[in-house]
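Undergrad: Below is a structure I'd like to ask you about.
The values are calculated or read from the model by the stated rules, or taken from the named source; none is laboratory data. What you see is a predicted model, and the numbers here were worked out from it, not measured in a lab. Every residue, glycine among them, receives a Cβ derived from its backbone with ideal geometry; neighbour counts consider all protein chains shown.
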Amino acid sequence: MTPAAELRGVGVTFPSGVGALSNVSLGLPAGAVTGLVGESGSGKTTLCRVLMGLQAASSGTVLFGGEPLPALLARGRLAFRRQAQMLLQDAAGSLSPRMTLRRLLAEPAAIHGLPRKEAWARTEGLMRRLGLSPDLLDKYPHQVSGGQARRVAVARALVLRPALLVADEPTAGLDVSVQGELLNLLLDLQAELGLTLLVCSHNLPVIRRITTETVVMYLGEVVEHGPTAALFTSPAHPYTAALLSTRPGAPGRITLHGEVPSPVHPPAGCRFHTRCPQAQTRCTTEHPELRQAAGQTVRCHYPLVGDPAPQEMA
Amino acid sequence: MTALLRITGLHLDARTPRGTAHILRGIDLDVGQGRIVGVVGESGSGKSTLALALLRLLPGNVTRLDGQAVMDGTDLLALPDAAMGAWRGSRIAMIFQDPATALNPLFTIGTHLRDVLRRRQPGLSRAALRTQAEAALRRVEIADPAARLRAYPHELSGGMRQRVMIAMALLAQPTLLLADEPTTALDATVEAGIIGLFRGLRADLGGAILFISHDLALVADLCDDIAVLYGGLVVETGPAPAVTTDPAHPYTAALLACAIEDGGSGRLPSIPGDVPDPVTEPPGCIFAPRCPLVEARCRAEPQPLRPVSPGRAAACWKAA
Amino acid sequence: MRRMLATPAGVLGALIVGAVLLAAQFAPWIAPYDPDALAVLDRFAGLSRAHLLGTDQLGRDLYSRLLHGATVAMGVSLTSIAIAALSGTALGILAASVPAAWERLILVAFDIIASFPSIVLALAVVAVFGPSNAHLVGIVAVTLVPQFGRVARAQVLTLRAAPFLEAERILGASPLRIMWSHVLPNIAGPLIVLASMEVPVVITIEAGLSFIGLGVRPPLASWGTLIYDGYSYLSDSTLPVLVASLALAAATLGFTLFGEALRDAVDPRAGRG
């Protein structure tokens, strides 16, 4: 089945020479929730921006429902924007400070020329679902709480009925006691609208709970990709294992030594070898490719599950 | 067990455009000698303000600061400003949340560390200062300390800057170390290393550490004792393992329930409602509007912190 | 607005500004005399009920001339500032939006204009095109453009990284819509403050140019010409000079206080704990 959105061999290099993404290939199954995990410097934010057409890929192709993105944009910028929406990490910051919530909520319909009454009725419905009381409508973004700002952002994104929604750190800045409610609502809406949802988060328990597939990134590359349950119980890549072990109370804490290398000069060979607890000689010289290992896709010469990568012919 | 720091009845009000905000509504807290005490709270709990109040680094709109915070026989809240200035950085030190802004960008790491050393030991020679600074950096697991001393803060990553802050704390040898969300701004893999350092700190410092965080799981893992804050009040205290496995206060229980379980399914838990508005003064229990066990008595009577069992206290009449 | 009136300075500024604007607008109705009416027999009259502020060397009522001077001052300043604000803001936004090479061009143009003293420019223009009020307004507007341009550009640059602009792009807003609905309202604050702080500057420039004869032509009553007239006949009476100078000083002070109070009220960081 055609994935809702796909990246094939996408690379992004900024004019300054810094490489943010390197040969990223990834498909988002339609109607499913996929998780994207990575720390700072992993490139996950850049990936989201490439997917949304905000950042041009220096190499590779981006496809939506099988169609290349540049062609879609040329056909109609507005039409594409109705298909793909994004929730920014800074929800309050994503709301124009001098506009009331009423104007902000009416704006997507205004931009796309949707019939006003119908669109507002839909917005009101979304507001009810999201627990946004009508007396917030005359307030300004700085007058409402972080959680409320986030809900407003969700309403704005969903009134257009997009097919794809990228959520960048949807729980960042939210208190633990309200995270659950927001995620429940997001998942309800996702199921009802048949949304393809990509959740970027460093909050591993959330990813585990709500996604069916998880992609792990490190220094601009995909290092592991597979069904969430399997990935969390038996990670194939040493980095994934270390990341999962950072959850408090997780068995066997793996401490990584050294700092994340700068994306300007990624290490030779495997990019993770400078911090990998099980790096061997081969890892310092030979860059591993993505391959299958016990049902996971992993970029490692010596994955934790499955067989080691076959030696290259000398 | 002697209490290194005993806080009683700490009230703090601040003036805001909407009225007087009651940020701390009467905090009672004991910090034991040689212990790491975790202060857990969400937004509006007042946890960061508590730390700043102990250091008396408060903004200009504070209208009321009552109560006592007694350490080594001295009430921190009553110290004259000059004396407080002498205490800060030497007897009480703080590690801040944002490593990016906590260090002065104009000075090298070496200068930062030397400044701390000089306050503690004024007569040291330059060579001795350098040796001790390098040793401190090594203790926080920074590679190539000699080179790092010459570096400026912007040349280091967030995790390394936080390690430098901890090194400064080590050199200051404070009696009380306050850490305000020291790992919140850091990546998970970096955070794990820093938490490991904190464990070592307890042995090195000999005083006590007050570790402030919103992350209950993290605090449960690292700290000896926990104090749970809600709406400017302490609602539960006790040893970390006990509080997290057998919470006495409904808020603690609800908060623990919100932790997303591995392998769980169904709706994600949350606590309905909002945190209390600091401008209001509810007559009864501060958690009543959101408590699943609420009754009429809860709304009418304020709930003070009362002992539940030896070493544990909770602000709920149902817990006793 | 409420915050502006919170300080005594703000109140004073607002009062003076209000008075000047009223005078400027209603001068023809509230002035007891025609400002150009000669009454040579009455020259250099002192303060009296008939002539509240006395008369000048030609017996013209100073109070009336002062009121009309307010009209001139406000007319010139508000017009030139409006022109400068609109064109300067547009150029500043342009500078922040175009490739670096064009931006440099615009900034150099700003620098060139800024390095010209307005007096010299006025002399040049008058020498070539002859004196007129329109030229005066034009000269002043041109000299103010760089300031608005730089402030506008700085504001747009600061805003560039703001998440809400990206959010609007994601929603599909066109660049024009983003500029109009999201950028302009958010950069307007400092620009409005700048405009109000420029008013006293322009009043003074106009008075200065009129004083040396490059501004409004006599017999039109500008505070500058009033000061000049009074100064020329200082030996006969100190009153005209005093009256005109005080008016200029008071207006300048009032607008400065008003502008500063406005700046403090608009800047969200000022006055917060």
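Undergrad: Restricting attention to the stretch C:89-106, does a residue exist that is within 24 Å of the chain's Cα centre (by Cα), more than 30 Å from residue A:86 (Cβ to Cβ), of a type in the set (Phe, Trp, Tyr) and surrounded by fewer than 17 Cβ atoms within 10 Å (Cβ to Cβ)?
TA: The answer is no, given that none of the residues of the stretch C:89-106 is within 24 Å of the chain's Cα centre (by Cα), more than 30 Å from residue A:86 (Cβ to Cβ), of a type in the set (Phe, Trp, Tyr) and surrounded by fewer than 17 Cβ atoms within 10 Å (Cβ to Cβ).
Undergrad: Check B:40, B:31, B:62 and return the single one that is buried (at least 22 other Cβ atoms within 10 Å of the Cβ), hydrophobic (A, V, I, L, M, F, W, C) and closer than 28 Å to residue B:283 by Cβ.
TA: Criteria check complete, one pass: B:40.
Undergrad: Let me confirm something: among C:187, C:170, which residue is in contact with a strand residue (DSSP E or B) (Cβ under 9 Å, 6 or more places away or on another chain), closer than 30 Å to residue A:88 by Cβ and not acidic (Asp, Glu)?
TA: Step by step, each of C:187, C:170 is checked, and only C:170 is in contact with a strand residue (DSSP E or B) (Cβ under 9 Å, 6 or more places away or on another chain), closer than 30 Å to residue A:88 by Cβ and not acidic (Asp, Glu).
Undergrad: Something else about it: Can you confirm whether the stretch B:115-122 contains a residue that is more than 20 Å from residue B:204 (Cα to Cα), touching a helix residue (DSSP H, G or I) at 6+ places or on another chain (Cβ under 7 Å) and without any contact (Cβ under 8 Å) to a residue 60 or more places away in the chain?
TA: Within the stretch B:115-122, none of the residues are more than 20 Å from residue B:204 (Cα to Cα), touching a helix residue (DSSP H, G or I) at 6+ places or on another chain (Cβ under 7 Å) and without any contact (Cβ under 8 Å) to a residue 60 or more places away in the chain.
Undergrad: Let me ask something else. Among the listed residues A:231, A:243, which satisfies the condition of being within 20 Å of residue A:288 (Cβ to Cβ), crowded, with 16+ Cβ neighbours inside 10 Å and either without any contact (Cβ under 8 Å) to a residue 40 or more places away in the chain or more than 9 Å from chain B (Cβ to nearest Cβ) (or both)?
TA: Residue meeting the stated conditions: A:231.
Undergrad: In addition: Please find, among B:259, B:319, B:248, the residue that is out of contact with any strand residue (DSSP E or B) (no Cβ under 7 Å at 6 or more places or on another chain), crowded, with 18+ Cβ neighbours inside 10 Å, assigned to a loop (DSSP other than H, G, I, E, B) and of a type in the set (Gly, Ala, Ser).
TA: B:259
Undergrad: Also, quick follow-up: Which of the residues that make up the stretch A:273-286 are in contact with a Leu (Cβ under 9 Å, 6 or more places away or on another chain) and either exposed (fewer than 15 other Cβ atoms within 10 Å of the Cβ) or more than 11 Å from every other protein chain (Cβ to nearest Cβ) (or both)?
TA: A:276, A:277, A:278
Undergrad: So, one more: Check the stretch B:278-286 and report whether any residue there is surrounded by 14 or more Cβ atoms within 10 Å (Cβ to Cβ) and in contact with a strand residue (DSSP E or B) (Cβ under 6 Å, 6 or more places away or on another chain). So that I can check it myself, show each step before the final result.
TA: Start the filter on the stretch B:278-286 by keeping residues that are surrounded by 14 or more Cβ atoms within 10 Å (Cβ to Cβ), which leaves B:278, B:282, B:284-286.
Among the residues that remain, those that are also in contact with a strand residue (DSSP E or B) (Cβ under 6 Å, 6 or more places away or on another chain) are: B:278, B:286.
So far as the stretch B:278-286 goes, yes, one or more of its residues are surrounded by 14 or more Cβ atoms within 10 Å (Cβ to Cβ) and in contact with a strand residue (DSSP E or B) (Cβ under 6 Å, 6 or more places away or on another chain).
Undergrad: From A:192, A:213, A:221, which residue is free of Cβ contacts under 8 Å to residues at least 60 places away in the same chain and of a type in the set (D, E, K, R)?
TA: Answer to the selection: A:192.
Every residue, every condition in (1) over 27 Å from the mean Cα position of the chain (by Cα); (2) within 28 Å of residue B:271 (Cβ to Cβ); (3) modelled with pLDDT under 90, yes or no:
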site	(1), (2), (3)
A:94	no, yes, no
A:105	no, yes, no
A:129	no, yes, yes
A:136	yes, yes, yes
A:146	no, yes, yes
A:150	no, yes, no
A:158	no, yes, no
A:165	no, yes, no
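Undergrad: Next question. Please name all residue pairs, on different chains or six or more residues apart, with Cβ atoms under 6 Å, provided the first residue is in the stretch B:56-75 and is farther than 17 Å from residue B:6 by Cβ and the second residue is part of a loop (DSSP other than H, G, I, E, B).
TA: B:59/C:273; B:60/C:273; B:61/C:273
Undergrad: Determine which member of the set B:201, B:205, B:210, B:218 is in contact (Cβ under 8 Å) with a residue 24 or more places away in the chain and within 13 Å of chain A (Cβ to nearest Cβ).
TA: Within the list B:201, B:205, B:210, B:218, the selection yields B:218.
Undergrad: May I ask you to verify whether residue C:164 is modelled with pLDDT of 85 or more, touching a Ser or Thr at 6+ places or on another chain (Cβ under 7 Å) and away from chain A (no Cβ under 14 Å)?
TA: So residue C:164 does not fit the description; no.
Undergrad: Checking residue A:144 against (1) over 15 Å from residue A:127 (Cα atoms); (2) within 13 Å of chain B (Cβ to nearest Cβ); (3) surrounded by fewer than 22 Cβ atoms within 10 Å (Cβ to Cβ), which test does it fail?
TA: Tallying (1) over 15 Å from residue A:127 (Cα atoms); (2) within 13 Å of chain B (Cβ to nearest Cβ); (3) surrounded by fewer than 22 Cβ atoms within 10 Å (Cβ to Cβ), residue A:144 fails exactly one: (1).
Undergrad: Quick check: anything in the stretch A:276-292 under 18 Å from residue A:224 (Cα atoms), under 24 Å from the mean Cα position of the chain (by Cα) and of a type in the set (A, V, I, L, M)?
TA: yes
Undergrad: Another question about this same structure. Within the stretch B:165-194, can you find the residues that are surrounded by 20 or more Cβ atoms within 10 Å (Cβ to Cβ), of a type in the set (A, V, I, L, M) and within 13 Å of chain A (Cβ to nearest Cβ)?
TA: B:186, B:190, B:192, B:194, listed by residue number.
Undergrad: Got a number for residues in the stretch B:260-270 being more than 7 Å from chain A (Cβ to nearest Cβ) and either closer than 30 Å to residue B:313 by Cβ or modelled with pLDDT of 80 or more (or both)?
TA: Step one: of the stretch B:260-270, the residues more than 7 Å from chain A (Cβ to nearest Cβ) are B:261, B:263, B:265-266.
So of that shortlist, the ones also either closer than 30 Å to residue B:313 by Cβ or modelled with pLDDT of 80 or more (or both) come out as B:261.
Residues meeting the conditions: 1.
Undergrad: Further question: Just one of (1) in contact (Cβ under 8 Å) with a residue 60 or more places away in the chain; (2) of a type in the set (D, E, K, R); (3) buried (at least 18 other Cβ atoms within 10 Å of the Cβ) trips up residue C:61, so point out which.
TA: The one condition residue C:61 does not meet is (1).
Undergrad: Let me ask something additional. Would you please list the contacts, defined by Cβ atoms under 9 Å and residues six or more apart or on different chains, that run from a residue in the stretch C:30-51 that is at positive phi to a residue that is outside any loop (DSSP other than H, G, I, E, B) and surrounded by 14 or more Cβ atoms within 10 Å (Cβ to Cβ)?
TA: What qualifies is C:44/C:55; C:44/C:239; C:44/C:240.
Undergrad: Is there any pair with a first residue in the stretch A:166-186 that is closer than 14 Å to residue A:130 by Cβ and more than 7 Å from chain B (Cβ to nearest Cβ) and a second that is part of a loop (DSSP other than H, G, I, E, B) and of a type in the set (Val, Ile, Thr) whose Cβ atoms are under 8 Å apart and which are 6 or more apart or on different chains, and what are they?
TA: Between residues of the stretch A:166-186 that are closer than 14 Å to residue A:130 by Cβ and more than 7 Å from chain B (Cβ to nearest Cβ) and residues that are part of a loop (DSSP other than H, G, I, E, B) and of a type in the set (Val, Ile, Thr), the close pairs are A:182/A:171.
Undergrad: What number goes with the only condition from (1) surrounded by 22 or more Cβ atoms within 10 Å (Cβ to Cβ); (2) facing chain C (nearest Cβ under 8 Å) that residue A:78 does not pass?
TA: Every listed condition holds for residue A:78 apart from (1).
Undergrad: From C:194, C:176, C:159, C:136, which residue is touching a residue at least 12 places away in the same chain (Cβ under 8 Å), within 14 Å of chain A (Cβ to nearest Cβ) and out of contact with any Lys or Arg (no Cβ under 8 Å at 6 or more places or on another chain)?
TA: Result: C:159 is the single residue among C:194, C:176, C:159, C:136 that is touching a residue at least 12 places away in the same chain (Cβ under 8 Å), within 14 Å of chain A (Cβ to nearest Cβ) and out of contact with any Lys or Arg (no Cβ under 8 Å at 6 or more places or on another chain).
Undergrad: Against the definition (away from chain A (no Cβ under 14 Å) and either surrounded by fewer than 17 Cβ atoms within 10 Å (Cβ to Cβ) or under 11 Å from the mean Cα position of the chain (by Cα) (or both)), how does residue B:9 come out, yes or no?
TA: yes
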